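Structure, as structure tokens:
The values are calculated or read from the model by the stated rules, or taken from the named source; none is laboratory data. Given the structure is predicted, the values throughout are model-derived calculations rather than measurements. Here the Cβ positions follow ideal geometry from the backbone for every residue, glycine too, while neighbour counts run over all protein chains shown. All accessible areas refer to the heavy atoms of the entire protein, side chains included, with ligands and DNA or RNA removed. Shrake-Rupley method; radii C 1.70, N 1.55, O 1.52, S 1.80 Å.
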Amino acid sequence: MSRAKKIIQRVLLILPLLFPGLSVAGQTHTTETEQNRHDNYPGEQVSHGGERAHREHKFRESRIQIPDKTAHKAGIRTAVAGPGTIGESVTLYGKTAIDHRSISHVRARYPGTLVAIEKGLGDLVEKGQKLAAIESNDSLQVYPLVAPIRGQVIDKQASLGEFSGERVLFTIANYSRLWAELRVFPGRRDKISRGQRVSISAGERTFDSTITSLAPGGNGQPFAIARALIENPDNLWTTDLMVQGQVVTSENRVPLVVENRALQPLRETTVVFVKVGQTYEARPLALGRSDGTVTEVLSGLTVGERYVTENSYLIKADFEKSGAAHSH
């Protein structure tokens, strides 16, 4: 072999190393970065033609590294992807009302003159606490009028020196338990029944309950009333509050779901961020049914993979800010 030919061969071997991607003698040298661009994400089903190329182009560098300690401080939490239940639901509207079993109308046991008034409108009382004192007309003995339940005085018809008679002197209500009274119109009546789960919401407040009764609306109203109990120990709910009830009418088991709060829009598609070691990958998903809490995953993720649930928007912001070109 001539000296010139040997030099040409050496140059042909060196050129691809100096200029990655350069085609020499019909061959192309592919860098490690470029090779990674064509690696399928774990769990992603291989598509063909333009769809695959388009997806790979958008997410070719969608990986960042965040140390576990940093992620924990930022409130980033994860969950393991797995099967779940998608519920179908119906939305009903109504308002809150006091449980009538929690109202007490207090009358004098023995009619007489009110000689002392201890409690007024709006006062909180305990069961057995003194409300007033009455001098009986028959025995002329003074006896206490006490609260039969714990609650709040919502009405007072007693004044010092008056004759009690048989009228209601105090009305006490306990608001620790309320009803959500939801209207069920005829078009939805066949979908609603006792025992169904219902999520009651009013603004930011929510309460998970069960429909315990279903009865006609009364007074010729063209709807039935579905009632669900709201536990209200801190009195955060009030009466006559407009509420929405999401009633679960059916449930379907599916192979793979993710929590809705994990889903983020990114580069014209919907993704979750999958955690592998201390690396987070933006994983585009094909999605199915959703019930407002979880969503069915058709492709893009596999059972057992760990994905970000809480504060996933922080990772999204990092991707958008840096293009995933740096690590923490």
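Note on region 100-175: Kirkwood hydrodynamic radius from all Cα pairs is 12.1 Å, rounded to one decimal.
Computed extension length for VAL303-ARG107: 64.1 nm, one decimal, from 0.36 nm per residue of separation with the Cα-Cα distance subtracted.
Ordered by solvent-accessible area of protein heavy atoms (1.4 Å probe), largest first, the residues VAL146, VAL243 come out as VAL146, VAL243. Largest first, the residues PHE185, PHE273 sort by 1.4 Å accessible area into PHE185, PHE273. Given C-alpha coordinates of region 182-239, what is the ratio Rg to Rh with the Kirkwood estimate of Rh? Dividing the radius of gyration by the Kirkwood radius yields 1.01. You can think of it this way: the chain between LYS127 and LYS69 has 15.7 nm of extra reach, that is 0.36 nm per residue less the Cα-Cα gap. Taking 4 °C and 1.567 mPa s as the conditions, I'd like the Stokes-Einstein D for region 143-298 in µm²/s, using the Kirkwood hydrodynamic radius from alpha carbon pairs. Taking Rh from Cα pairs, D becomes 64 µm²/s. Across region 111-198, the relative contact order, built from alpha-carbon pairs under 8 Å that are at least six residues apart, equals 27 percent. A Förster radius of 56 Å, combined with the Cβ-Cβ distance separating ARG261 from SER139, puts the computed FRET efficiency at roughly 0.25. Mind grabbing the accessible area of ARG183 for me, 1.4 Å probe, Å², rounded to tens? For ARG183, the solvent-accessible surface is approximately 120 Å². Ligands, DNA and RNA are left out, and with a 1.4 angstrom probe the accessible area of region 100-182 is 55 Å² per residue. Between GLU251 and GLU162, the contour length at 0.36 nm per residue exceeds the alpha carbon distance by 25.9 nm.
Given a 1.4 Å probe and the protein chains as shown, SER199 ends up with an accessible area of around 40 Å². Here the calculated FRET efficiency for LEU314 and MET242, from their Cβ-Cβ distance with R0 = 30 Å, stands at 0.30, rounded to the nearest 0.05. With all protein chains in place and a 1.4 Å probe, the accessible surface of region 188-274 carries 46 percent carbon and sulfur. With a cut-off of 12 Å between beta carbons, the residues surrounding ASN232 carry a summed charge of -1, where Lys and Arg count +1 and Asp and Glu -1.
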